[in-house]
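A short worksheet on the structure shown next.
The values are calculated or read from the model by the stated rules, or taken from the named source; none is laboratory data. Just so we're clear, the structure is a prediction, and the values are computed from it rather than from any experiment. For neighbour counting, all protein chains shown are included, and Cβ atoms are generated from backbone atoms with ideal geometry for every residue, glycine included.
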Amino acid sequence: MSNALQEIVLSTRDTFASRLSDKSISFEAESGFAMQALATDYAMKTALGNKQSVIDAVTNIAAIGISLNPAKKQAYLVPRDGKICLDISYMGLIDLAVATGAIKWAQAAIVYTSDNFQLRGFDEAPLHTFSPFDKNRGEIIGVYCVVKTADGEYLTHSMPISEVYAIRDRSQSYKSGKASPWKSDEGEMIKKTCIKQAYKYWPKVNERLQSAIQYLNTDGGEGLPQLTNQPTRNPNGKQEQVRDIEKIEGLVATLEAAAKGGTESFKTTWKALAENDKALVGIPERDRIKAIADTHNKPAAVIEGEYTKESEAVNG
């Protein structure tokens, strides 16, 4: 273990303590896990070349309240794109949700063409049968997440793989063309994407889970690209940007749902948006979703409610 790397990790002690959100997590244990994770030649070289990324990653462990303990499989430190990144697994997100007692447990699973999968309502557990020993279950067709609430009820959220890949395709990490968890751990990312969509419907979602998902969508590059062309409207520019990203994801989800009804349905929904909301979505994203709408056996239509010069100025 490099003494220089050890010094970097240990230098975060005070900041770690000041931002710790879960008192059951200790700096001694997490710093040890961190140094263990960075012990490979490549990780060490990356860490020494970008010391601030190590400090940020270790600090975020404390702020989110998650562990690098390999046995828990909640989070990892990985070298990517010239920096050390904190990767939070889908199991880590589930553990954060369970920590408050809002849900008792959660499970995410991928569905393949040879599986038997049946939704039995939003508030009931789905039926999913398959052979766990079959190595040829066909192509991935979807993913689902089911949770059991503190009241003993089930909440189910399912996504066709096309919707998952639509989110993947507009994520900063995937679009960069560089190393990405979408390339190295696709199954994990498919499940994580479903959980990140499903959690919005869970009761009493805790701040730690929200912070983890915000981190993954921004610093982790799993959400929409950074809004570098958007004006900063207050001194807290990064927080404002996070809010814009969350709003865009909501607007895109609304438009994609409308697109399933065809071109006319999409056109009506787009026309009803405020000009500022259209500017946030942007022309490329609008055209991408319209192309989806056009495939649903609806007559092609010209989109009404185009950008005004003012909204184009906002969009850059």
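Could you tell me which of the residues Ala125, Ala166 is surrounded by 13 or more Cβ atoms within 10 Å (Cβ to Cβ), more than 23 Å from Ala97 (Cβ to Cβ) and not assigned by TED's automatic domain parsing to the domain that holds Ala293? Spell out the reasoning first.
Numbers: Ala125 fails: more than 23 Å from Ala97 (Cβ to Cβ).
Criteria check complete, one pass: Ala166.
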Test: residue in the stretch 205-213 that is under 8 Å from the mean Cα position of the chain (by Cα), buried (at least 19 other Cβ atoms within 10 Å of the Cβ), closer than 29 Å to Ala43 by Cα and not charged (D, E, K, R): yes
Any pair with Cβ under 8 angstrom, 6 or more apart, that starts in the stretch 124-139 at a residue that is within 19 Å of Pro160 (Cβ to Cβ) and ends at one that is part of a loop (DSSP other than H, G, I, E, B) and of a type in the set (A, V, I, L, M, F, W, C): Pro126/Leu119; Arg137/Phe130
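If you check Lys83 against the conditions, is it surrounded by fewer than 17 Cβ atoms within 10 Å (Cβ to Cβ), on the phi < 0 side of the Ramachandran plot and modelled with pLDDT of 90 or more?
No; evaluated as a whole, the condition is false for this residue.
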Close pairs from the stretch 16-30: first under 17 Å from Lys72 (Cβ atoms), partner loosely packed, with under 15 Cβ neighbours inside 10 Å and among the hydrophobic types (A, V, I, L, M, F, W, C), Cβ under 7 Å, at least 6 apart: Phe27/Ala17
Given (1) surrounded by fewer than 18 Cβ atoms within 10 Å (Cβ to Cβ); (2) outside any loop (DSSP other than H, G, I, E, B), number of the condition Ile94 does not satisfy: (1)
Every pair of residues 6+ apart whose Cβ atoms lie under 7 Å, when the first sits in the stretch 278-295 and is outside the structural domain of Ser162 (by TED's automatic domain parsing) while the second is of a type in the set (Val, Ile, Thr) and modelled with pLDDT of 85 or more: Ala293/Thr263; Asp294/Thr263
Qualifying residue in the stretch 72-90 (condition: without any contact (Cβ under 8 Å) to a residue 40 or more places away in the chain, closer than 30 Å to Cys194 by Cα and in a helix (DSSP H, G or I)): no
Residue in the stretch 255-269 that is in contact with a helix residue (DSSP H, G or I) (Cβ under 7 Å, 6 or more places away or on another chain), among the small types (Gly, Ala, Ser) and closer than 17 Å to Tyr165 by Cα present: yes
Subset of the stretch 55-71 [assigned to a loop (DSSP other than H, G, I, E, B) and not small (Gly, Ala, Ser)]: Ile66, Leu68, Asn69, Pro70
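Condition check ((1) hydrophobic (A, V, I, L, M, F, W, C); (2) farther than 30 Å from Pro132 by Cα) across all residues:
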residue	(1), (2)
Leu20	yes, yes
Phe27	yes, yes
Ser31	no, yes
Ala57	yes, yes
Lys72	no, no
Arg80	no, yes
Count - residues of the stretch 167-186 that are part of a loop (DSSP other than H, G, I, E, B) and free of Cβ contacts under 8 Å to residues at least 60 places away in the same chain: 3
